Amino acid sequence: MNPYISATLLFSLGLGTTITFASSHWLLAWMGLEINTLAILPLMAQQHHPRAVEATTKYFLTQATGAATLLFASTTNAWLTGQWDILQMSHPLTTTMATLALALKVGLAPLHTWLPEVLQGLDLTTGLILSTWQKLAPFALLLQIQPATPTILIILGVTSTLVGGWGGLNQTQLRKIMAYSSTAHLGWMILVLQFSPPLTLLTLLTYLVMTSSTFLVFKLNKATNINMLATSWAKAPALTTLTPLILLSLGGLPPLTGFMPKWLILQELTKQDMAPIATLAALTALLSLYFYLRLTYAMTLTMSPNNTTGTAPWRIPTSQMTLPLAILTLATLSLLPLTPTMLTLLTL
């Protein structure tokens with residue numbers, strides 16, 4: 001793709017999200033979401049592969065459905081209450097519709113079915129953008145809507161953690177595994193959204209860091225399925241040593257960064273007299289942990305079935321930029337001791 005076109009599309013991607021962040025009017029927020037969607041479509045279809053075009057079409061249709069529902073919800077709200085202000089959405093019908101529309105846009109279960117299929121059809125770089133940046137704008141709106149029926153968020157959250165854990169168990173494609181992982185993490189965020197918005201933001205931040213580092217590891221190894229991970233020790237021995245820790249951080253094991261949001265969310269749910277929900281969420285985290293352990297096993301304890309002689313791939317210098325990966329890996333593995341600092345910053 002022409003670098004000028006790429007730059008324009010990436011600028012539009014940033015602009016769409018920024019407009020949604022900055023708007024207090026529903027029409028402006030909707031416009032930001034639309035700019036965001038339209039900017040990523042050419043990036044998704046740039047491979048000119050039937051699979052990529054199919055994924056782009058599916059993404060466009062689901063996002064258009066979500067945006068149309070959101071526009072309908074906000075128009076209905078303006079008709080019923082005379083308010084276009086995002087914070088003034090008070091009618092139970094419109095808040096429920098808007099919550100479900102945004103749930104479809106980010107990929108919360110049971111509205112998640114498009115996400116694994118779309119992610120599987122993309123290259124790892126666009127998949128990274130879809131799994132991280134594209135979640136920000138809808139989440140900014142979700143944080144501002146206070147649903148009249150809090151039960152809907154609990155149902156969406158529990159279903160997402162369950163489906164995210166269960167769906168990833170039988171997968172061999174890394175991008176589909178990351179899609180189910182994304183659904184599970186979003187479920188944790190939604191569970192605690194109505195009780196502690198700052199905690200949701202902290203969980204979103206740690207999710208972005210961990211997911212970015214995982215995608216960059218796969219990109220460096222050019223790995224798209226579990227079997228391809230077995231060759232990673234020959235390409236980047238030091239990184240192969242650290243990758244299991246990145247995956248276990250995604251699974252939420254102490255003393256890694258991923259433990260922090262899960263621990264705080266379980267604590268908050270228990271404070272709100274929701275111990276059964278907290279227990280269920282903790283058990284669904286074990287499902288996710290299983291498929292992260294599968295990836296860890298494939299990387300560290302299996303050998304690739306080839307015996308080619310010649311220069312080992314790690315002797316050939318990589319042309320990819322590795323500084324972002326280094327910084328994100330460090331953050332993924334070692335932010336747990338900073339938990340009190342982060343909580344203080346978020347509650348200011």
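The values are calculated or read from the model by the stated rules, or taken from the named source; none is laboratory data. Just so it is clear, the structure is predicted and the values come from calculations on it, not from any experiment. FYI the Cβ positions are ideal-geometry reconstructions off the backbone, even for glycines, and counts take in every protein chain you see. Just so you know, the surface numbers come from the protein's heavy atoms only, side chains and all, with ligands and any DNA or RNA stripped out. Shrake-Rupley method; radii C 1.70, N 1.55, O 1.52, S 1.80 Å.
Tabulated data for the structure shown
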{"item": "Length-normalised contact order of the range 128-285 in % [C-alpha pairs under 8 Å, at least 6 apart]", "result": "24"}
{"item": "Percent RCO, i.e. relative contact order, over the chain, from Cα pairs under 8 Å lying at least 6 residues apart", "result": "15"}
{"item": "Portion, in percent, of the accessible area of the range 129-173 that falls on carbon or sulfur, probe 1.4 Å", "result": "68"}
{"item": "Added length on full extension, which subtracts the Cα-Cα distance from 0.36 nm per residue, T57 to Y290", "result": "80.7 nm"}
{"item": "For the chain, alpha-carbon Rg relative to the globular expectation (2.2 N^0.38 Å, N residues)", "result": "1.00"}
{"item": "Computed over the range 92-218: relative contact order in percent, which uses C-alpha pairs under 8 Å that are six or more apart", "result": "31"}
{"item": "Potential extension, L283-D85 segment - 0.36 nm per residue separation minus Cα distance", "result": "67.4 nm"}
{"item": "Other-chain or far-sequence residues with amide H under 5 Å of Q146's (modelled H)", "result": "none"}
{"item": "log₁₀ of I(q)/I(0) at q = 0.11, 0.12, 0.13 Å⁻¹ - the range 51-178, Debye sum with one point per alpha carbon", "result": "-0.42, -0.49, -0.57"}
{"item": "Debye, to nearest 20: dipole size of the chain, +1 on Lys, Arg Cβ, -1 on Asp, Glu Cβ", "result": "760"}
{"item": "Using a Förster distance of 35 Å, the FRET efficiency for T270-L93 (Cβ separation, nearest 0.05)", "result": "0.60"}
{"item": "Exposure ranking of S12, S319 by accessible area [1.4 Å probe, largest first]", "result": "S319, S12"}
{"item": "Heavy-atom accessible area per residue - the chain, 1.4 Å, Å²", "result": "44"}
{"item": "All aspartates and glutamates inside 19 Å of K176 as judged from Cα atoms, apart from same-chain residues fewer than 8 positions distant", "result": "E54, E117, D123"}
{"item": "Gain upon complete extension [F72, L143; 0.36 nm per residue less C-alpha separation]", "result": "23.6 nm"}
{"item": "Restraint check, K135/K222; K222/K262; K135/K235; K58/K219; K58/K135, Cα-Cα greater than 20 Å", "result": "K135/K222; K222/K262; K135/K235; K58/K219"}
{"item": "Sequence of W30, W188, W79 when ordered by accessible area, the most exposed leading, probe 1.4 angstrom", "result": "W79, W30, W188"}
{"item": "Mean ellipticity per residue at 222 nm, deg cm²/dmol - from DSSP H runs of n ≥ 4 across the chain, formula -39500 (n - 2.57)", "result": "-24500 deg cm²/dmol"}
